[in-house]
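See structure below.
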């Protein structure tokens, strides 16, 4: 679902960032969920409001497009999970591990065999910047023995 409407999701994020700035350090959009690493301005820790705005804008776009989006028992749209997992990154190593996790997620979920093959990821920006090689976390190839086994 999310990848089918990724341009609407991007617009929703862009509009939210105009109102409440934040940097997108890493991002991956999968069919049914997404992962992100953000940096908020100094003194600002309001991740919740940003997610709320992104979710509301995106949901509104889908409704306007005529998609039937169910509501749950609380009368909330079932498109999104109720909560999100927030973790304050402690140091560069923690940051790197989380960015790697985000970028590896399409492989983890069996959507592609190589990270480079998933188009909805900030991985490609990292490659262009020289941070990752294009074959980062490439396909694991079992070594062949000298006996052909």
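In terms of the mean number of neighbouring beta-carbon atoms within 10 Å, the peptides 100-107, 72-79 order highest first as 100-107, 72-79. By other beta-carbon atoms within 10 Å, ranking 123, 58 with the fewest at the front produces 58, 123.
Overall shape of the chain was characterised from the C-alpha gyration tensor. The equivalent ellipsoid obtained from it has semi-axes of 32, 21, 14 Å, in decreasing order.
Per-residue ellipticity at 222 nm, computed for the chain from helices alone with -39500 (n - 2.57) per DSSP H run of at least four residues, works out to -12000 deg cm²/dmol. The ranking of 108, 55 by Cβ neighbour count inside 10 Å, starting from the fewest, reads 108, 55. Taking every Cα-Cα distance in the range 33-95 and sorting them into 5 Å bins starting at zero, the pair-distance distribution P(r) comes out as 3, 13, 22, 21, 15, 11, 7, 5, 2 percent. Which angle between 0 and 90 degrees, to the nearest 10, do you get for helix 6-19 versus the longest principal axis of the chain when only C-alpha atoms count? Once rounded, the angle reads 60 degrees. GNM remark for the chain: springs join alpha carbons under 10 Å apart, and the peak mean-square fluctuation among 110, 138, 43 falls on 43. Helix 47-64 and the long axis of the chain differ in direction by around 80°, with both axes built from C-alpha atoms.
Rule-based calculations on the coordinates, nothing more; no lab input. For clarity, every value in this text was computed on a predicted model and none was experimentally measured. Ideal geometry is used to build each Cβ from the backbone, glycine not excepted, and the neighbour counts take in all protein chains shown.
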